[in-house]
1. For the stretch 9-50, which positions are closer than 30 Å to residue 79 by Cβ and modelled with pLDDT under 70?
2. Within the stretch 26-83, track down each residue that is part of a loop (DSSP other than H, G, I, E, B) and more than 19 Å from the chain's Cα centre (by Cα).
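The values are calculated or read from the model by the stated rules, or taken from the named source; none is laboratory data. These figures come from a predicted structure and were not determined experimentally. Neighbour counts run over all protein chains shown; Cβ positions are idealised from the backbone, glycine included.
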């Protein structure tokens, strides 16, 4: 019984000591700024989403039946325009 208590204490000690460190990592003020590529990807997503919402049902069927297919084509098109 004593062995079990000692074993549990040894296993739990690192978790108890790591709590303050883990709490600091979740601080929203310490969040990183997005990279240039992350910002560009977000802008492409917003642009393609706005275009998708502006399409009529017939246009959506012609451009690609579902959002993932349309988004893939849209991203390729936007990357080609930038280059």
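1. Those that are closer than 30 Å to residue 79 by Cβ and modelled with pLDDT under 70: none in the stretch 9-50.
2. The answer is 55, 56, 64, 65, 66, 83.
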